[in-house]
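**Student:** First, the structure itself, so that you have it in front of you.
The values are calculated or read from the model by the stated rules, or taken from the named source; none is laboratory data. What you see is a predicted model; the values in this text were computed from it and never measured. As a convention, Cβ positions derive from the backbone with ideal geometry for all residues, glycine included, and neighbour counts pool all protein chains shown.
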C-alpha cells in the first residue's frame, strides 16, 4: 500500500469519543476497580427476557477495568437464547490513561453469528477497516441510547 493511501486511511480514523463522552455524561466512572454498569430504556421488564424492557429494547451493559496503562471498556447488548447469554454485539475499546479518553476499539463479538474480530493482530498489523467500522458502531449505539433516553440502573438486582 502506498504511503499516501496509508496516510489517508489513518487520517480517516475518528479522534472523537462519542461513547466515552456519553458514558461520562451519564456519571459512569472508570478507574482501577473492575466496574459494571447497566443502562436501561425503561423500568418495565419484558415477560420473556429480563435483559429487555417491555418495548423489546435491550439493556446496555458496560464493564470497565485497567490493563497496564490502558482503561478497557466493554459495551454490550445481551439477549438470552436457550438459556445462554448472547452478546449482540460486544464492542471492547480502550484508551491510554495518561493520554486521555480517546476511544480505540479493539474487538467485536457477535455470539449469534459466531463472530469474533480483533483490530490489533499479533504481527503488529492493525485492521483499519474494522477500526473505522467499530468507531461508527459505537457512534450509532450512542445515538440509539440517546434517542430512547437510556438511564443508569442503580440496583442491578431489580
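**Student:** Considering only segment 42-83, state which residues are more than 30 Å from residue 96 (Cα to Cα) and not in a loop (DSSP other than H, G, I, E, B).
**Tutor:** Once the filter is applied, which keeps residues that are more than 30 Å from residue 96 (Cα to Cα) and not in a loop (DSSP other than H, G, I, E, B), segment 42-83 yields 45, 52, 53, 79, 80, 81.
**Student:** Anything in segment 84-99 that is assigned to a loop (DSSP other than H, G, I, E, B) and touching a strand residue (DSSP E or B) at 6+ places or on another chain (Cβ under 9 Å)? List them, or say none.
**Tutor:** 97, the sole residue that qualifies.
**Student:** What are the pairs with Cβ atoms under 7 angstrom where one residue, in segment 54-68, is farther than 16 Å from residue 37 by Cα and the other, located anywhere, is not in a loop (DSSP other than H, G, I, E, B)? Sequence gap at least six, or different chains.
**Tutor:** 54/45
**Student:** State yes or no: is residue 118 closer than 28 Å to residue 29 by Cβ and modelled with pLDDT of 90 or more?
**Tutor:** yes
**Student:** Would you mind finding the one in 102, 39, 131 that is part of a strand (DSSP E or B), under 18 Å from residue 19 (Cα atoms), more than 11 Å from the chain's Cα centre (by Cα) and touching a residue at least 24 places away in the same chain (Cβ under 8 Å)?
**Tutor:** Sole residue among the options that is part of a strand (DSSP E or B), under 18 Å from residue 19 (Cα atoms), more than 11 Å from the chain's Cα centre (by Cα) and touching a residue at least 24 places away in the same chain (Cβ under 8 Å): 39.
**Student:** Looking at segment 105-128, which of the residues that are in contact with a strand residue (DSSP E or B) (Cβ under 8 Å, 6 or more places away or on another chain) and not in a strand (DSSP E or B) is farthest from residue 19 (Cα to Cα)?
**Tutor:** Applying the filter and picking the extreme gives 112.
**Student:** Check residue 70 against each of (1) touching a strand residue (DSSP E or B) at 6+ places or on another chain (Cβ under 6 Å); (2) more than 18 Å from residue 87 (Cα to Cα); (3) surrounded by fewer than 16 Cβ atoms within 10 Å (Cβ to Cβ) and name the one condition it does not meet.
**Tutor:** Going through the list (1) touching a strand residue (DSSP E or B) at 6+ places or on another chain (Cβ under 6 Å); (2) more than 18 Å from residue 87 (Cα to Cα); (3) surrounded by fewer than 16 Cβ atoms within 10 Å (Cβ to Cβ), residue 70 breaks only (3).
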